[in-house]
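Here's the structure, in structure tokens; my notes come after.
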Amino acid sequence: MNKKLYLALAPVLVLVTLGAINVYKNITWKEPTDGVTWGEKPNGLTALKVEVNSPAYLASIKKGDVLYSINNIPIKTKIDLLKTLWIARDADQKVSYQIGREGEIITPSFYLQKKGVNLVYFYLALVGLTALVIGIIVFFNSRRRHSLPYVYFYLLTLAFYSFYTFSPTGNLDLLDSLFYIIDKAGFLVFPPLLLHFFLIFPQRKKFVKHRPSVLFLVYLPGALLLGTRTLFHVVLSRGWTDAEALRFQARLERLDLLHFTAFTLITLATVIHSSRRPQSVFIKKQLKFIISGMGMGVVPFTVFYAVPFLAGRAPSTPAELTVLLQALIPLTFAYSISRYKLMDFEILLKKAVTLIVAFFVIALVYYVVSSQTRIFSENRLNAIILGVLAIILGASLFTPLKKLVQTLLDRAIYRRSYEYRKTLLFISKELSRERDLQNLSHSLLNSIANALSLRTIALLLAEDADPRTFRLLRSWGEAVSAPPSLTFDEPFFEQMRESDYLSYYSLQDRKGVQKQIERFIPFGFYHFLPLRVEEKIVGCLAMGRKQDGTYLTSEDWELLTTISPSVALALENAYLYNQESVRTLEMQRLKDYSENIIESLTVGVAVVDQTGTIIGWNRVLEAQFGLKKESALLRRLTDVLGAKNYSAIFPTDTSQDFRPLTELGMDLPGERKRIFDIAKTPLLDNQMKPYGTIIVFEDITEKISLQQQLLTSEKLASIGLLSAGVAHEINTPLTGISSYVQMLQKKLTDPHYAQILEKIETQTDRVGRIIKNLLNFARNPSDSSFQRVDLKESLQEIISLIDYKLKNMNIELELVLAPVPPLYAQGERLQQVYINIILNALDAMPQGGKLRIELSQAGREAEVRITDTGTGIKAEHLSHIFDPFFTTKGVGKGTGLGLSISYAIIKEHEGRIQVESDPGKGTSFTIVIPMDFDVRKTEDPSAKRR
């Protein structure tokens, strides 16, 4: 909100605050009164009016009585009267009047009545507040709020609020004086502001255009009156008597009222003059309602209240009630500058007039009945009965009276178009509800055609690409042979932009445009009503003649131009709503398409914004991290991945680096460890500015495992070829060495040499076993060695061989061997695998432990799991344990070929070995063997070739 708006709101806040204080003061203020309106006459202070049921009325004081004294104090002026009444009120004593009536002197005595502010004041304050609220709404909701009409309307509502809300109580303190000044200033400023407003709205008067300085003369009378009143209170009244000051004050009051009445009547005449030659039918419609509202608000007040007051007579109570009709004035002001939603405002205006007139009539009836019924003034009970009867009267008569006034008002304003108006009001109400363009066009054309008895009507919508091209949305009535779209020539289109409507018969003086309409007569179109939203033509209604062959009348055009803003706005809203629906659907399809692509990827995709909050999480990540998308969204990535994983993906020293990360190990929930290739890329908007990051997680754990297995297989193949050659080369001299040793053992009986020869034989046998293992490692198994093997029996045979060693090493054995059907395999070689792994497990538990052997079936595979509680395998050694000659045992304790040979044997069976180890806690080997290996060998052509 800029400084201008603050400046505009400042006086509103000040006036509303002071107004609330003034209303509170008037509620709590009570002044003494005798119930008589006294006026200064040549023969003395004379009773002009006596209120019914007042203390003076009950004491038999009548209209025309002359007051001489109160409590023996002479009374010559109103000031004397007020002083005496306040003295009596403060003393709480009875007053004794000396009254002259037709040559007689009477002395009635009575107690004064404490009278609050008239209820009409609160009504006027409410009217003033309503005007101020309307002014603020119109001013701040207008797009050109700083243009003159809106500024003057805003100032008008401030002035209207000031003199209707502020009223001095009579307390005569500083605050009361401020209320008095604001009240008089508003009362004197409002009439010239009102006249000035209608001199420039709806269009500036010619004499104002030529002589703008004449507008200063409009404010001159009010400025003189305000200056005179200020001068009187500040300087002049100091040397005057009370009677002189009171008389001058009364003259100023009359001049103020004369100024107010004269200017409002001049304003009304100005508006009437403007309505004779309006710019358009729409403005004529506006001015007609303005004249009606202002006339009902000003004329009765002038005739029944202002004229008697200026003539020196006290206005009657019914005349005072005419002030209630002035509530129409702010409503007409708001209407005069409301360019859109005309029908809604007309409804509001009619309801306001109806309620005010109905309330005025009931109040008038109540006043007449109560003033003519003296019996109800005799005691309090009868007064209560009168009040109850008044409530019953108001409740029973108000609703039918309101309907009657509304009907009369409709017929008086709309005359012959009364039935049309009902139909069009229905159209306006329905249009505001409908958002479907097709339904709206059908309802609109059907309603207008029936209301105006048209033969043909069509709704055309302007194309966005070419404003002069209109496409046919819907037609009604006789068969319309118009093409799907119509293109208007430039002169015709310009005339449509400048006019409220175009009709064939109204363009006699514009032959060129009339010829353009002749082009559309074969289609049945004689009339065109442009539909505008602000200055843009969004469409038009193309209409034919009536059923009786006549053209549209001026009254028909008046009705059509009345609803055209509502129709245009409804069409624009429906069109935009449909366009938005289409865009929303397209966006949803695009969103679904993008999400489907992301969800269909075989890699995990996460999207985070610039704060690190997750805004995307696909199904692959759900499986990888075990976290549903709903649970991951709107959480911080560091909370989901963990600080360690997050820092690995986003190193602090390369936070802006979007290079891919390869073979990154991550700890996942459930103590799982996986290896990922991770790629990061910025998420860019339409302006190519980053507003987030896309992170792609590719789980390569299995890929790395396969790569390691492939590498091991390649090593084994190479070692196999080498081993076969080395074994054959070594085996021959080794046989010779063994033979010569045996010969020497027979000839040399010396114990010393016999012991050396025995060691040579032992080492020779050891080399022989190594060569045999190498040959087994390099040899391809023959198909004849494959047969049906019962894994449970095979494992039990091995356990029987090592049972004694387990007891000596204090190792607990736990067997969980489930029945598994026999499978096609090499039994002896599988036993070699089991024994190699079991012996490694025993070596890892030199101080004892627990050995668990499990056998189970998982689908079409058999699983043998051997788990120990030994020292475990270090992480850096896990990838090398199947390499030939790799061993972590001491010198002479292992050849490093056991696991390599076991790996090769399992691969021959198209199985796999998986290892899990936790250093210090133990190791688990899982041997997986397919149960349909024989079927695979039959179907595999390479197997047949072998």
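The values are calculated or read from the model by the stated rules, or taken from the named source; none is laboratory data. Just so we're clear, the structure is a prediction, and the values are computed from it rather than from any experiment. With ideal geometry, Cβ positions are generated from the backbone for all residues, glycine too; neighbour counts draw on all protein chains shown. Areas reflect the complete protein model, heavy atoms only, side chains present, ligands, DNA and RNA absent. Shrake-Rupley method; radii C 1.70, N 1.55, O 1.52, S 1.80 Å.
Observations on the model:
- Protein heavy-atom accessible surface, 1.4 Å probe, per residue over segment 661-702: 62 Å².
- J(HN,Hα) series, segment 96-101, from Karplus relation 6.51 cos²θ - 1.76 cosθ + 1.60, nearest Hz, glycine and proline x: 10, 8, 10, 10, x, 9
- Burial order of peptide ranges 525-531, 265-271, 815-821 (average beta-carbon count within 10 Å, highest first): 525-531, 265-271, 815-821
- Estimated FRET transfer efficiency (residue 247, residue 106; beta-carbon r; R0 25 Å; 0.05): 0.35
- For residue 605, the residues 5 or more places off, or on other chains, whose built amide H falls under 5 Å of its own are 618, 620, 621, 697.
- Exposure check, 1.4 Å probe, all protein chains in place: residue 638 carries approximately 40 Å² of accessible surface.
- A Förster radius of 56 Å, combined with the Cβ-Cβ distance separating residue 118 from residue 207, puts the computed FRET efficiency at roughly 0.85.
- Separation of segment 672-696 and segment 448-462, taken as the distance between their Cα centroids, equals 58 angstrom.
- Derived scalar couplings between HN and Hα for segment 621-628 equal 5, 4, 6, 5, 9, x, 9, 5 Hz in order, rounded to whole Hz, by the Karplus curve 6.51 cos²θ - 1.76 cosθ + 1.60 (θ = phi - 60°), x for Gly and Pro.
- The accessible surface of segment 46-146, taken with every protein chain in place and a 1.4 Å probe, is 54 percent carbon and sulfur.
- When all protein chains stay in place and ligands, DNA and RNA are ignored, the 1.4 Å accessible-area order of 583, 672, 101, largest first, is 583, 672, 101.
- Inter-site label distance for residue 707 and residue 639 at 7 Å from Cα along Cβ, in nm: 3.5
- Segment 471-619 - accessible surface per residue (Å², probe 1.4 Å): 50
- Two-decimal Rg/Rh across segment 549-701, once Rg and the Kirkwood Rh are taken from alpha-carbon atoms: 1.36
- Close amide H partners of residue 811, meaning residues 5 or more places away or on another chain with modelled amide H under 5 Å apart, are 849.
- Mean Cβ count within 10 Å, highest first, over the residues of peptides 468-476, 290-298, 38-46: 290-298, 468-476, 38-46
- Gain on full extension, evaluated as 0.36 nm per residue between residue 602 and residue 760 minus their Cα-Cα distance, stands at 50.7 nm.
- Centre-to-centre, using Cα atoms only, segment 750-766 and segment 154-224 are separated by 136 Å.
- For the peptides 181-193, 676-688, 197-209, the ranking by mean Cβ contacts within 10 Å, running from highest to lowest, is 181-193, 197-209, 676-688.
- Accessible surface computed residue by residue for segment 1-131, with neighbouring protein chains in place and a 1.4 Å probe, gives 58 Å² per residue.
- Residue 65 long-range amide H proximity, modeled H, under 5 Å: 47
- Backbone phi angles across segment 824-829, fed through the Karplus curve with coefficients 6.51, -1.76 and 1.60 (θ = phi - 60°), yield HN-Hα couplings of 7, 6, 9, x, 5, 5 Hz in residue order; Gly and Pro are listed as x.
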